[in-house]
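Below is one structure, written out as structure tokens; the observations come after it.
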Amino acid sequence: MRPLLLHMHVPRSSGSSLHAWFVAALGTAGVAQASSPDEVAAVTSGGAAPAVVSGHYLHGVHARLTGRDHRYVVLLRDPVERVLSLFRYIRGLPGHSRHADLVRPGMTIPRYYAEGIPGSWARNGMVGQLAGSYSALPPEERLARATEHLLDERTIFGLVEDPQPLLRSAAEILGLAEVPPLARVNRSARMEPGQAFGGDAADLAAIVEHNRLDIELYRRAQVHLAERDRSAAPPPVPGLTERVLRRTLGWFR
């Protein structure tokens, strides 16, 4: 039996696009949604279990699987871009629990942080989700645990800026003959720098200050993927000059 793919949907990191990619490849019966360990256990306990379980759950839901092999699948996004997109998205979503806070007169991103308004999504949310806890662990321990889970052999991860390697790995596990394209869905409206929540210098500085763990995790992810790509690349073919030098030097050995 193929491993169950646990698509851990990081908010505003093309998670909706990846969910739609799974549905397009497998059909609605092959993809279930869940938001908690109990829901993951419920949707995977039946006889016709899905191939993918997608949701905004924390790392650790695999503990509720009944002996089935699994792989976590997660797309990461540049933390500053991700959080800026979240602020824009929530301001345009009246049903969100933090919408009323973000549309208050004079509200800005620096003010949001200065007033300590609750919201784990805007404060190292990627590290919290991958660590399995947003606040129960000290910051460095959260970062270490998130890094361990991200680099675990049972995790397939990629970056929003280049999702193709992740898609190829997922397609191989699912037994797809080809890799379907990733359609972009659920995108927030574009705003120009200088507008409210548009990404001016003060906005960006506040996001950086309160998302240093996410920024470091993203840097580690980039380094790991770059090293993996280098190790997988075939050795370069020596140029003519190099081949001549090697042969000449060989004569003097």
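Within the stretch 66-78, not a single residue is out of contact with any strand residue (DSSP E or B) (no Cβ under 9 Å at 6 or more places or on another chain), at pLDDT 90 or above and not in a loop (DSSP other than H, G, I, E, B).
On inspection, A49 fails the criterion of being surrounded by fewer than 18 Cβ atoms within 10 Å (Cβ to Cβ) and at pLDDT 90 or above. D152 passes every criterion in (1) modelled with pLDDT of 95 or more; (2) among the charged types (D, E, K, R); (3) in a helix (DSSP H, G or I) apart from (3). Across the stretch 182-214, the qualifying residues are those that are more than 20 Å from Y89 (Cβ to Cβ) and either under 18 Å from the mean Cα position of the chain (by Cα) or at pLDDT below 70 (or both), and the one among them that is surrounded by the most Cβ atoms within 10 Å (Cβ to Cβ) is L213. Does the stretch 88-108 contain at least one residue that is surrounded by fewer than 18 Cβ atoms within 10 Å (Cβ to Cβ), in contact with an Asp or Glu (Cβ under 6 Å, 6 or more places away or on another chain) and not in a strand (DSSP E or B)? Scanning the stretch 88-108, I find no residue that is surrounded by fewer than 18 Cβ atoms within 10 Å (Cβ to Cβ), in contact with an Asp or Glu (Cβ under 6 Å, 6 or more places away or on another chain) and not in a strand (DSSP E or B), so the answer is no.
The residue of the stretch 82-131 that is farthest from the chain's Cα centre (by Cα), among those that are free of Cβ contacts under 8 Å to residues at least 60 places away in the same chain and closer than 22 Å to H59 by Cβ, is P118.
Per-residue answers, yes or no, for (1) part of a loop (DSSP other than H, G, I, E, B); (2) of a type in the set (V, I, T); (3) closer than 25 Å to A136 by Cβ:
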residue	(1), (2), (3)
M1	yes, no, no
H7	no, no, yes
L18	no, no, no
W21	no, no, no
G46	yes, no, no
P50	yes, no, no
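Looking only at residues of the stretch 109-144 that are charged (D, E, K, R) and assigned to a loop (DSSP other than H, G, I, E, B), we find that the one that is surrounded by the fewest Cβ atoms within 10 Å (Cβ to Cβ) is E115. Restricting G46, G15 to those that are without any contact (Cβ under 8 Å) to a residue 12 or more places away in the chain and of a type outside the set (S, T, Y) reduces the list to G46.
For beta carbons closer than 6 Å, sequence separation of 6+ or different chains, a first residue in the stretch 145-162 that is free of Cβ contacts under 8 Å to residues at least 24 places away in the same chain and surrounded by 13 or more Cβ atoms within 10 Å (Cβ to Cβ) and a second that is small (G, A, S) and not in a loop (DSSP other than H, G, I, E, B), the qualifying pairs are R145/A131.
The values are calculated or read from the model by the stated rules, or taken from the named source; none is laboratory data. For clarity, every value in this text was computed on a predicted model and none was experimentally measured. As a convention, Cβ positions derive from the backbone with ideal geometry for all residues, glycine included, and neighbour counts pool all protein chains shown.
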